[in-house]
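The values are calculated or read from the model by the stated rules, or taken from the named source; none is laboratory data. These numbers come from a predicted model, not from an experiment. Note that we place each Cβ from the backbone using ideal geometry, even for glycine, and neighbour counts take in every protein chain shown. For the accessible areas, the whole protein counts, side chains as well, though only heavy atoms, and no ligand, DNA or RNA atoms are used. Shrake-Rupley method; radii C 1.70, N 1.55, O 1.52, S 1.80 Å.
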Amino acid sequence: MSHTSMDPTKMGIGRSIAVLTSGGDAQGMNAAVRATVRVGIYTGAKVYFVHEGYQGLVDGGDNIKLATWESVSMMLQLGGTVIGSARCMDFRAREGRMKAALNLVKLGITNLCVIGGDGSLTGANQFRKEWATLLVDLVKAGKITDDEARKSSHLNIVGMVGSIDNDFCGTDMTIGTDSALHRIIEVVDAITTTAQSHQRTFILEVMGRHCGYLALVTALACGADWVFIPEMPPDEGWEGHLCRRLADQRARGSRLNVIIVAEGAMDRDGNPISSEDIKKLVEKNLGFDTRTTVLGHVQRGGTPSAFDRILGSRMGVEAVMALLEATPETPACVVSLSGNQAVRLPLMECVQVTKDVTTAMAEKRWEDAIKLRGKSFENNWNTYKMLAHINPPDTKSNINVAIVNIGAPCAGMNAAVRSAVRIGIIQGHNMLAVHDGFEGLAQGKIEPITWTGVSGWTGKGGSELGTKRVLPSEYIEEISLTIAKFNIHSLVIIGGFEAYMGGLELVQGRDKYEELCIPMVVIPATVSNNVPGSDFSIGADTALNTITSTCDRIKQSAAGTKRRVFIIETAGGYCGYLATMAGLAAGADAAYIYEDKFGIRDLEMNVEHLVQKMKTDVKRGLILRNENCNANYTTDFIFALYSEEGKGIFDCRKNVLGHMQQGGTPTPFDRNFGTKMGSKAVLWITEKLKEVYRHGRIFANTPDSACVLGMKKRALTFQPLAELKEQTDFVHRIPKTSWWLKLRPIMKILAKYNISLDTSEHAHMEHVIKKRVSMH
């Protein structure tokens with residue numbers, strides 16, 4: 001069946017979809033429910049809410065209600081699940097499932113979208129397998145007619161994983177994980193400030209009975225001294241090792257020790273390790289003042305992060321498409337993200353691999369357990385191990401690596417500097433800090449930077465090294481002199497589009513200045529996310545969360561006044577990433593950007609759309625405009641246009657967000673991403689230096705000795721600066737193609753535009769099995 005021939009707005013006619021949330025709640029579930037309802041309605045299907053999870057499915061009656069477009073308004077920013085979730089015993093018994101089947105058949109519902117953890121999804125699959133026999137029994141009992149049974153002969157099921165533990169294999173991130181990390185990091189930041197006042201050891205226990213993801217990422221994001229996770233229990237004699245490490249960190253001048261414990265932590269013999277046990281150990285052996293904090297349900301609370309809202313929304317769209325395209329032969333699937341690609345995976349394969357992890361842990365095959373958790377878990381573990389467990393070597397490499405920040409500051413830059421410095425020191429290099437960008441490099445504002453010189457940097461916003469927008473071309477000669485004077489063998493350039501441009505200029509200067517023939521790597525760090533060669537840049541996630549929470553507040557202020565439209569200007573240069581993603585995360589009615597050209601007809605259509613919207617129960621509008629989307633249709637122009645056209649129907653307010661988008665403490669994603677990028681960059685440099693070392697000196701002049709380190713689809717890759725030239729629009733300082741443009745139709749559909757969604761781009765069913773480890 002070819003997808004392209006189908007009109008997506010007619011795909012769902014005559015079909016009914018029910019959506020339920022089950023198991024433990026997770027932030028972002030509401031975004032998924034909202035998207036499922038709206039996209040379902042967009043395709044012409046009827047969509048039903050099932051309240052209180054499987055319990056509501058069994059009890060029926062008022063628990064299963066028809067959803068409307070407006071009924072999911074203002075849901076995006078709410079944590080938890082609005083339609084309720086319950087742990088349900090009745091559904092576990094066959095007669096419970098029989099009642100549920102009866103309720104669905106009577107309403108003509110044959111498509112079920114389940115948002116929950118692995119238990120909830122396994123239950124859904126069992127329900128689907130039994131469906132035919134349940135109907136036979138219902139006909140026998142005279143509860144349904146043969147005709148009803150025929151009309152509902154087959155049940156389709158699609159799952160979305162909502163679980164803050166991120167414990168489901170096959171999905172990079174489950175709905176709620178990122179928000180839980182936001183809550184944990186807020187607590188860690190608050191604790192570290194009080195702990196710095198006294199010399200203290202803090203032990204923080206986070207959720208994760210069988211999965212250490214939250215603990216591991218928290219440890220990476222706050223630079224913890226030790227982490228206990230169920231997948232990888234500590235070695236024999238860990239007690240002594242832990243105490244030595246804490247004492248060693250104190251001796252290095254650190255006032256604070258942080259230990260992160262997953263609630264399911266255990267030792268090699270399977271005995272639990274609790275935060276209390278660790279506290280007693282540290283106090284008894286070291287006499288350190290020690291405090292424990294058990295986070296508990298705080299982690300499930302609060303408003304969902306921008307990432308979880310976008311994830312939930314994208315998954316909702318994909319879930320509806322998967323349901324409507326399903327046949328009796330397709331296995332029940334889960335929709336999830338891999339890198340930034342939406343994928344569909346067979347539900348039971350994922351459940352199987354998730355079970356395999358538990359088996360591996362029970363059989364003490366720890367390495368397998370970590371591998372089965374997936375690539376990103378493994379990378380996190382390796383980065384953590386390197387930064388926390390390896391002591392600097394006694395022999396030095398005599399290599400000097402300089403680190404410089406370029407362009408506008410952004411959150412997460414310091415995390416990248418910190419991990420680059422520490423990995424460099426672990427490799428035996430001397431690390432040099434360059435202050436104030438290329439200008440500082442030209443003026444020789446350079447000093448050695450040490451292990452403790454970067455402690456506590458992961459959580460700091462802005463740029464500690466100082467940064468400037470100046471490009472190197474006017475200083476090429478001075479820069480080459482500085483490189484010779486300080487004997488710099490390699491350069492790590494962290495920044496935005498100027499960092500890429502500057503790197504190119506240095507490469508072009510290699511013909512004339514031999515000093516510039518050293519390995520260089522550019523790490524993209526800018527709120528604009530406009531660096532070629534990478535799908536994401538450090539700092540964009542933090543800016544996105546800032547914009548989203550501001551939009552939430554602004555929408556809330558409109559809830560009282562009614563009939564108000566807000567026009568908000570976002571940053572990003574010519575790049576529409578922030579405006580588009582914030583539009584998805586905040587539920588905007590339109591987002592004007594440079595890459596998606598618009599004219600007077602579009603503006604007219606958008607105004608008319610808001611006029612219609614004001615006739616419904618939802619009496620507010622949100623319009624985002626990227627600062628450079630159009631030279632003539634300025635924010636003032638659009639504000640004036642909407643004000644004039646909306647006279648008597650709605651009034652307008654405008655808001656230019658400005659520099660607040662660059663500031664703030666980095667989000668967990670930016671801390672973690674910065675940490676991994678910094679470490680990967682220096683490891684690459686170490687290898688490169690070995691390649692280009694000839695006759696006692698370093699000489700690097702090939703294109704692949706100056707690269708951008710970028711996140712591409714599913715992996716971190718190095719691409720030569722020179723090769724990326726073709727992919728770059730230098731006038732507007734953006735890449736020529738952007739992956740996120742294909743998310744714009746989703747934003748428009750969720751804002752009730754009847755545009756066509758290209759269904760040919762949809763995710764195909766993939767398999768998890770190929771990721772499995774050989775069990776020998």
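Taking each residue as 0.36 nm, the span from residue 13 to residue 396 lengthens on full extension beyond its C-alpha to C-alpha distance by 130.9 nm.
Seen against the Cα atoms of the chain and their longest principal axis, helix 635-645 is set at about 20 degrees.
Share of antiparallel DSSP beta bridges in the stretch 177-299, in percent to the nearest 5?
10 percent
Taking 0.36 nm per residue of sequence separation and subtracting the Cα-Cα distance, how much length would be gained by fully extending the chain between residue 615 and residue 713, in nm to one decimal?
So the chain would gain 31.1 nm between residue 615 and residue 713.
Surface analysis of the stretch 177-299 yields an accessible area of 39 Å² per residue, using protein heavy atoms and a 1.4 Å probe.
Scoring 718-724, 300-306, 705-711 by mean Cβ neighbours within 10 Å over their residues and listing the highest first yields 705-711, 300-306, 718-724. Here the peptides 487-496, 325-334, 565-574, 511-520 are ranked by packing, the mean other Cβ count within 10 Å, and the order with the highest first is 487-496, 565-574, 511-520, 325-334. When only Cα pairs below 8 angstrom with a gap of at least 6 residues are kept, the chain shows a relative contact order of 14 percent. Under 5 Å between amide hydrogens, built in the peptide plane, is the criterion, and for residue 155 it picks out nothing among residues at least 5 positions away or on other chains.
Pairing the Cα long axis of helix 540-561 with the longest principal axis of the chain, what angle in degrees results, from 0 to 90 and rounded to the nearest 10? That works out to roughly 40 degrees. In a reduced charge model with +1 at each Lys and Arg Cβ and -1 at each Asp and Glu Cβ, the chain shows a dipole moment near 880 debye about its Cα centre. Modelled spin labels at residue 691 and residue 149, positioned 7 Å past Cα toward Cβ, are 6.8 nm from each other. To the nearest 0.05, what FRET efficiency results for residue 210 and residue 683 with a Förster distance of 35 Å applied to their C-beta separation? That pair, residue 210 with residue 683, gives E of 0.65. Annotation: aspartates and glutamates with alpha-carbon distance below 20 angstrom to residue 468 (same-chain offsets under eight excluded): 436, 439, 447, 477, 478, 498, 505.
On the basis of the beta-carbon distance and an R0 of 22 Å, residue 741 and residue 327 show a calculated FRET efficiency of 0.10. Separation of the stretch 393-414 and the stretch 616-630, taken as the distance between their Cα centroids, equals 41 angstrom. For the stretch 558-627, the per residue solvent-accessible surface stands at 34 Å², with DNA, RNA and ligands left out and a 1.4 Å probe. Centre-to-centre separation between the Cα atoms of the stretch 196-221 and those of the stretch 544-583: 33 Å. Between the stretch 648-677 and the stretch 455-497, the alpha-carbon centres lie 25 Å apart. Highest mean first, the peptides 205-212, 524-531, 606-613 sorted by other C-beta atoms within 10 Å per residue fall in the order 524-531, 205-212, 606-613. Shown are 348, 431, whose ranking by accessible area with a 1.4 Å probe and every protein chain present, most to least, is 348, 431.
Close amide H partners of residue 734, meaning residues 5 or more places away or on another chain with modelled amide H under 5 Å apart, are 729.
Proximity of backbone amide H atoms, modeled 1.01 Å from N, is registered between residue 338 and 343 at under 5 Å, excluding neighbours fewer than 5 places apart on the same chain. Of all the accessible heavy-atom surface of the chain, with the other protein chains kept in place and a 1.4 Å probe, what percent is carbon and sulfur? Answer for the chain is 52 percent, counting heavy atoms of protein chains only. Which pairs, out of 396/690; 460/712; 279/676; 619/752, put more than 22 Å between their alpha-carbon atoms? Going by Cα-Cα distance, 460/712; 279/676 fall outside the 22 Å limit. Here each label is just a point 7 Å from Cα along the line to Cβ, and for residue 94 and residue 190 those points are 5.1 nm apart.
Pop out the Kirkwood hydrodynamic radius of the stretch 548-662 from its pairwise C-alpha distances, inverse of mean 1/r, in Å to one decimal.
14.0 Å
Go ahead and estimate [θ] at 222 nm for the chain from helices alone: -39,500 (n - 2.57) per DSSP H run with n ≥ 4, summed, over the residue count, rounded to 500.
Helices in the chain give a 222 nm mean residue ellipticity of -13000 deg cm²/dmol.
Using alpha carbons only, how many degrees (0 to 90, rounded to 10) separate the axis of helix 600-613 from the longest principal axis of the chain? Roughly 50 degrees, rounded to the nearest 10. Model label points for residue 729 and residue 364, set 7 angstrom from Cα along the Cα-to-Cβ axis, are 6.0 nm apart.
For an R0 of 25 angstrom, estimate the FRET efficiency from the Cβ-Cβ distance between residue 474 and residue 699 and round to the nearest 0.05.
0.45
A Stokes-Einstein calculation at 4 °C with viscosity 1.567 mPa s, built on the Kirkwood radius of the stretch 177-299 over Cα pairs, returns a diffusion coefficient of 90 µm²/s. Label 7 Å along Cα→Cβ of residue 443; the stretch 451-484 residues with amide nitrogen under 18 Å? Residues 463-483 qualify, since their backbone N sits under 18 Å from the label point.
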